[in-house]
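Visitor: Submitted below is the structure of interest, expressed as structure tokens.
The values are calculated or read from the model by the stated rules, or taken from the named source; none is laboratory data. Because the structure is a prediction, the values reported are computed rather than measured. Ideal geometry is used to build each Cβ from the backbone, glycine not excepted, and the neighbour counts take in all protein chains shown.
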Amino acid sequence: MKKISYDNIFRIIIWFIFLIGGAIVSIHFDKIYFYDWFNSTKFHVVSLILGYLLLKLVLKASRNTGRYLAIMGRKGVLPRLETNRLVTTEIYACMRHPMHLGLLFFPLAFALLLGSPTFILIIAPIEMVLIILMIKWYEEPRAIKKFGVAYENYKKTVPFFNFETNCIKKLLSDVPFDNN
């Protein structure tokens, strides 16, 4: 069985802190500052539906890009969630961090499912900014260290995220990538 690297365990812990910590803090403040919303059935129904729809998109984007990365970014036996090849084709030709773009909206989807106004309006946006900073200050330097000049060149030609329609369609399509 392939083990998960300490680096990936760290990432999982960060996500756990974001979601569980955000929920605990948000529910506390909701009871104080958003009492009417927190007890509103209409708000919770709408929030639940929006959260479910957003979560489906987040999971689809992450699944699609994760599968492609697992196929194209791995050579040999590696720990789970690790890559050793720079992938610059298909969706990765559109943007450098398509999986992170999907995951960027995970805190908001979770907040909507939870129905927490504080989480939706304050905590999730802060966590989304922190995710972008983590990509910029942690993921990008790791990729440069791992792939060197190839990643530097890739970085010059491919944007961090890309919201062009064709890229978003590719990110969310049912058959997103040609595995040939």
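Visitor: Counting only residues that are in contact with a helix residue (DSSP H, G or I) (Cβ under 6 Å, 6 or more places away or on another chain) and under 30 Å from Lys3 (Cα atoms), how many does the stretch 25-65 have?
Guide: Counting residues in the stretch 25-65 that are in contact with a helix residue (DSSP H, G or I) (Cβ under 6 Å, 6 or more places away or on another chain) and under 30 Å from Lys3 (Cα atoms) gives 6.
Visitor: Go through the stretch 34-51 residue by residue and tally those that are loosely packed, with under 13 Cβ neighbours inside 10 Å and part of a helix (DSSP H, G or I).
Guide: 6
Visitor: Here's something else I'd like to know. What is the number of the single condition among (1) closer than 22 Å to Lys155 by Cα; (2) surrounded by 17 or more Cβ atoms within 10 Å (Cβ to Cβ); (3) out of contact with any Cys (no Cβ under 7 Å at 6 or more places or on another chain) that Glu139 does not meet?
Guide: Here Glu139 meets the rest and fails (2).
Visitor: Sticking with this one: Of the residues that sit in the stretch 47-66 and are hydrophobic (A, V, I, L, M, F, W, C) and touching a Gly at 6+ places or on another chain (Cβ under 9 Å), which one is nearest to Met95 (Cα to Cα)?
Guide: The qualifying residue nearest to Met95 (Cα to Cα) is Ala61.
Visitor: Specify the residue that is surrounded by the fewest Cβ atoms within 10 Å (Cβ to Cβ); the eligible residues are those in the stretch 94-115 that are under 17 Å from the mean Cα position of the chain (by Cα) and not in a helix (DSSP H, G or I).
Guide: Ranking the qualifying residues of the stretch 94-115, first place goes to Phe105.
Visitor: Yes or no: the stretch 71-88 includes at least one residue that is touching a residue at least 24 places away in the same chain (Cβ under 8 Å), crowded, with 19+ Cβ neighbours inside 10 Å and aliphatic (A, V, I, L, M).
Guide: no
Visitor: Does Gly76 satisfy being outside any helix (DSSP H, G or I) and either more than 17 Å from the chain's Cα centre (by Cα) or modelled with pLDDT of 90 or more (or both)?
Guide: yes
Visitor: State whether the residues of the stretch 135-157 include one that is over 13 Å from the mean Cα position of the chain (by Cα), under 25 Å from Ile17 (Cβ atoms) and outside any helix (DSSP H, G or I).
Guide: no
Visitor: With respect to Thr118, is the statement that it is touching a residue at least 40 places away in the same chain (Cβ under 8 Å), more than 22 Å from Phe10 (Cα to Cα), assigned to a loop (DSSP other than H, G, I, E, B) and hydroxyl-bearing (Ser, Thr, Tyr) true?
Guide: For Thr118, the condition - touching a residue at least 40 places away in the same chain (Cβ under 8 Å), more than 22 Å from Phe10 (Cα to Cα), assigned to a loop (DSSP other than H, G, I, E, B) and hydroxyl-bearing (Ser, Thr, Tyr) - is not met.
Visitor: Let me ask you something else. So if I check each of Ile12, Ile27, Ile91, which one is loosely packed, with under 14 Cβ neighbours inside 10 Å and either free of Cβ contacts under 8 Å to residues at least 24 places away in the same chain or of a type outside the set (Ser, Thr, Tyr) (or both)?
Guide: Only one candidate passes the filter, namely Ile12.
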